[in-house]
Every structure is written in C-alpha cells, then in structure tokens.
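Below: one structure, written as structure tokens.
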Amino acid sequence: MTRKIAVGIVVYHAGVELLRRLELTSANGFEVYIFDNSPDNASVREFAEHSPQIHYFTCGKNLGLGIGISTVCANAYQRGHSALLFFDQDTGFNEETLTYVEKNYTDNLDAYNSFSAIAFKADGSASVRDVPLLINSGSLYFLDKLKALDWMDCSYFVDSVDYKLCLDSLNKGYRIGVCGATPGFDHITEQADSRYRIAGRTYSMRAYSWSRIKDTVSSNLKLIFSALMSCQFGFALRITRLLTLYCTSQILVRVINTLGIFKRD
C-alpha cells in the first residue's frame with residue numbers, strides 16, 4: 001500500500017504509548033520519519049531497527065525541535081513525499097486520524113496549493129479556514145513550500161518554532177490553515193497540565209520550569225523583533241499578547257499552587 005502522506009515525530013525520552021502508535025502507523029503502511037533527541041534511551045531506535053517503514057535519525061544529543069522537524073521533513077522530501085503529518089510524541093492519534101488527514105489531503109490537492117501547512121485538530125469545523133498561527137502537533141506540512149522557506153528556523157530550540165514558520169510563510173505569501181473534526185486526535189490526555197476549577201469553569205495550566213520560561217520569553221522576543229523587522233506589525237502585536245498571557249498564567253498558577261485556593265484535578 002502506497003500512502004500519500006508521511007508521518008514525522010521528534011522524540012525526547014518517549015514512553016510506551018509512542019511505541020504503540022509507531023507500530024500502528026507503520027502497520028497501516030505509512031512511512032514514519034523520527035528524529036531522536038534522546039538516543040541514550042534505546043527503545044525507539046531498537047523499535048525502528050525492526051521496521052522498514054520507520055526512518056530513524058539522531059545527532060547524538062538534544063538539538064531541539066527546529067533541527068528535529070527540519071530533519072524529518074527534509075528527508076521525507078528527498079524520498080519523494082510531498083506532505084508530512086507531524087505529531088508531538090505525547091499527542092494521541094489512531095488509524096482514523098491518519099486516514100482522515102490523508103483523504104482530506106488527496107481530495108484537496110489543488111485547493112491546498114497556496115498553503116505551507118494546515119493544522120488538524122479534534123474540535124471545530126471540518127472546513128479549512130485561514131488562521132494566523134498554528135502549532136506543530138497535528139500539522140500537515142507541504143514539503144515543497146517548507147523547502148522554499150529553507151525548512152524550520154533552526155535557531156529556535158523548542159518554543160516559537162511553529163510560530164516562526166507562520167511568520168516566514170506570511171512573508172513568503174503562503175497561507176496557514178486549520179481543519180477541525182479530526183477523529184482520534186487527542187492533544188490533551190498525555191499532557192502534564194493540571195486542571196483547576198475557577199468560578200465554575202475548568203482551566204488547564206502547568207507551572208513550567210524557570211529554564212523553559214526563559215526559553216519561551218527569549219524566543220518570543222526574538223520572534224517579535226523579526227516580525228517588526230519585516231514590517232509584520234499585526235503579527236508582532238499578536239505574539240506580544242500571547243507572551244503577556246503566558247507570563248500572566250505562569251504567575252497565576254504558582255500563586256494558586258502555593259495558596260491551594262482552587263480545586264486541582
């Protein structure tokens with residue numbers, strides 16, 4: 001069976017759930033491209049050695065998402081793939097997810113000609129609409145467009161890798177889209193967020209480490225500067241708002257955890 005899309009994942013100390021999804025993906029005939037940022041954990045490498053559908057890459061240490069996604073996308077492109085569906089290692093998906101995205105892609109080849117990426121997610125309408133930003137996990141990357149953009153910006157380690165792609169696409173005249181109603185797609189269950197009941201509503205929040213916060217702030221500031229330099233003032237304002245919300249949430253979740261004033265699941 002020849003599939004119309006490839007699947008890509010960047011790995012860092014992956015668990016058994018990822019191995020189960022790798023088995024499911026390869027068993028259904030999809031080529032899988034993996035970049036391993038934790039090769040000392042041999043589970044993924046050993047699994048890949050026994051599956052001709054899985055293409056394994058590593059540089060021997062943690063080089064982050066920018067290099068990782070660029071590697072899997074570039075190698076998929078060189079092997080003749082025109083589109084790659086990327087997942088974070090802790091994003092759940094099943095056979096229905098893969099076939100849904102593949103069919104959506106093959107049914108809309110001409111319509112997607114001006115897009116660099118389309119993000120698939122569980123909620124929302126199945127109709128594709130233009131958006132200014134997307135996240136990596138669940139995104140279908142159109143590899144000829146990423147090649148024209150010189151792949152991901154490898155100067156970004158984790159945070160803002162996806163948003164920098166959106167800025168580069170905007171500068172190049174490529175569109176970014178989102179498509180909902182994706183079956184089996186789960187970007188919540190395996191996340192480390194805690195759930196809080198505040199004023200009758202449930203919020204998911206996580207207190208990130210100080211090193212992660214530093215990376216987020218510095219990468220967002222760099223992204224804002226890049227947007228301003230390319231005269232994308234609306235984009236710069238959007239990222240500024242998101243960064244403000246992020247910093248506010250990190251203060252709030254620490255206050256909540258310290259005082260224990262809201263129910264935590």
Using a/c under 1.5 as the rounded threshold, could you call segment 74-124 rounded, prolate or oblate? The axes a ≥ b ≥ c are square roots of the C-alpha gyration tensor eigenvalues, and prolate needs a/b larger than b/c, oblate otherwise. oblate
By its C-alpha gyration tensor, with a ≥ b ≥ c as the square roots of the eigenvalues, how is segment 71-188 shaped: rounded for a/c under 1.5, else prolate for a/b larger than b/c, else oblate? rounded
Net charge near residue 187: determine it from the other residues with C-beta under 9 Å of the C-beta of residue 187, scoring Lys and Arg +1 and Asp and Glu -1. -3
Within the chain, what is the number of lysine pairs with alpha carbons under 21 Å apart, leaving out pairs fewer than eight places apart on the same chain? 17
The chain: calculated mean residue ellipticity at 222 nm from DSSP helix runs of at least 4, using -39500 (n - 2.57): -13500 deg cm²/dmol
Could you tell me the accessible area of residue 24 in Å² (1.4 Å probe, neighbours in place), rounded to the nearest ten? 40
For segment 61-68, just list the computed ³J(HN,Hα) in residue order, Karplus coefficients 6.51, -1.76 and 1.60, θ = phi - 60°, integers in Hz, with x standing in for Gly and Pro. 7, 7, 10, x, 7, x, 5, x
With θ set to phi - 60°, apply the Karplus curve 6.51 cos²θ - 1.76 cosθ + 1.60 along segment 163-180 and write out the HN-Hα couplings as whole Hz, x wherever there is a Gly or Pro. 5, 5, 4, 5, 5, 4, 5, 4, 5, 8, x, 8, 8, 10, x, 9, 9, x
Name the GluC sites (Glu not before Pro) in segment 23-64 that are in a loop by DSSP and that have at most 13 other C-beta atoms within 10 Å, would you? none
By the gyration tensor of its Cα atoms, with a ≥ b ≥ c the square roots of the eigenvalues, what is the shape of segment 6-87: rounded for a/c under 1.5, prolate for a/b over b/c, or oblate? oblate
Residues of segment 120-146 with the amide nitrogen closer than 14 Å to a label point 7 Å from the Cα of residue 191, along Cα-to-Cβ, please. 121-123, 135-138
Within the chain, percent of DSSP bridges classed antiparallel, to nearest 5: 45
If the chain between residue 51 and residue 94 were fully stretched, how many nm would it gain, using 0.36 nm times the residue separation less the Cα-Cα distance? 13.6 nm
Leaving ligands, DNA and RNA out of it, report the carbon-plus-sulfur percent of the accessible area of the chain at a 1.4 Å probe. 54
Label model pair residue 148, residue 130: point-to-point distance (7 angstrom along the Cα→beta-carbon line) in nm is 1.5
Probe 1.4 Å, accessible area per residue of segment 27-114, Å²: 43
Under the definition of Cα pairs under 8 Å and six or more residues apart, what whole-number percent is the relative contact order of the chain? 18
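The values are calculated or read from the model by the stated rules, or taken from the named source; none is laboratory data. The shown structure was predicted, so the numbers you read here are calculated from the model rather than taken from an experiment. As a convention, Cβ positions derive from the backbone with ideal geometry for all residues, glycine included, and neighbour counts pool all protein chains shown. Areas reflect the complete protein model, heavy atoms only, side chains present, ligands, DNA and RNA absent. Shrake-Rupley method; radii C 1.70, N 1.55, O 1.52, S 1.80 Å.
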